[in-house]
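Student: Below you'll find the structure I mean.
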Amino acid sequence: MNIEIKKEVNLPFLKWAGGKRWLIDKYGDKFFSNPDRLIEPFVGSGAVYFGLSPKRAILCDKNADLINTYQAIKDDWQTVVKHLKIHDRNHSYEYYYKLRSQKNRSYAAKAAQFIYLNRTCWNGLYRVNRKGEFNVPMGSKTKVVMDTDDFEKISKQLTNAKLLSGDFTLAINQAKQGDFVFADPPYTVKHNNNGFVKYNEGLFSWDDQIRLRDSLQEAIKRGAKVLVTNAYHSSVRSLYQGMGEIMKLNRPSIIAANSSARGIYEEMVIKCY
């Protein structure tokens, strides 16, 4: 059964490397329609979650700061917006680096800091050093509060979403009959034909790829519908052979230091239902 993407949906309020807004916009027919619950073990910017607008969801990510941001908007969006407006008024080169190094205690302050840095750093990239400190330089964007922002609506939507921070198995292990699992693990497509496995080790190890496949297989046995995205590479095709329909899709890449490094890349979707 195919999905009909709703026209009045919340746009993702974060820019995210590897985000799947292009997939939900261009290939919405690949998604399972009207599941009892959507499960995303790698939620990222939540493009699929906001695009499908499910009645219930489990949203998980290893990035604790990201999940904290969703939790803060869910619980107290007004205070998040209050902090965000302060950042908007004070944004400057000096302010960016001062706030980047700041340690906040409250969920709302941390969330506003996360959104501010995401919107004003270089290409919305999330990167931390060995100490776990965000270290992306300031980018060219100056807009902090967007005309499209509707955090009240997002908060209401998140009311029926269970938020988890940690390994992908925390979410997938809860999948059962009636659930739809959308698994979008970290991966690069720029090295599909040049040391793909080695280059991806720093993002998501091959052992993790195998663990993910095994975890999804168990979810399917329990009756869940599964859609997986990954790089279109022979090793990945072999890994998922026999699990479902393997499709090759094209997508544009815009996150690169210069325009010459951007282009069209091949990605894989495995439809297991």
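Student: Report whether or not SER155 is of a type in the set (Ser, Thr, Tyr), out of contact with any helix residue (DSSP H, G or I) (no Cβ under 7 Å at 6 or more places or on another chain) and either at pLDDT 95 or above or surrounded by fewer than 16 Cβ atoms within 10 Å (Cβ to Cβ) (or both).
Tutor: No; evaluated as a whole, the condition is false for this residue.
Student: So, one more: Which residues, taken from region 148-170, are hydroxyl-bearing (Ser, Thr, Tyr), in a helix (DSSP H, G or I) and touching a Phe, Trp or Tyr at 6+ places or on another chain (Cβ under 9 Å)?
Tutor: Answer for region 148-170, where residues must be hydroxyl-bearing (Ser, Thr, Tyr), in a helix (DSSP H, G or I) and touching a Phe, Trp or Tyr at 6+ places or on another chain (Cβ under 9 Å): just SER155.
Student: List pairs: first residue in region 75-96 and closer than 26 Å to LYS153 by Cα, second residue of a type outside the set (A, V, I, L, M) and surrounded by fewer than 15 Cβ atoms within 10 Å (Cβ to Cβ) anywhere in the structure, Cβ distance under 7 angstrom, at least six positions apart or on different chains.
Tutor: TRP77/GLU152; HIS91/THR142
Student: Only residues that are part of a loop (DSSP other than H, G, I, E, B) and closer than 18 Å to LEU216 by Cβ: list them for region 37-85, please.
Tutor: PRO41, PHE42, VAL43, GLY44, LYS62
Student: Answer yes or no: is there a residue in region 28-37 that is under 19 Å from TYR187 (Cα atoms) and at pLDDT below 95.
Tutor: No; the residues of region 28-37 include none that is under 19 Å from TYR187 (Cα atoms) and at pLDDT below 95.
The values are calculated or read from the model by the stated rules, or taken from the named source; none is laboratory data. A quick note: this is a predicted structure, and the numbers were derived from the prediction, not measured. Glycine also receives a Cβ, built like all others from the backbone with ideal geometry; neighbour counts cover every protein chain displayed.
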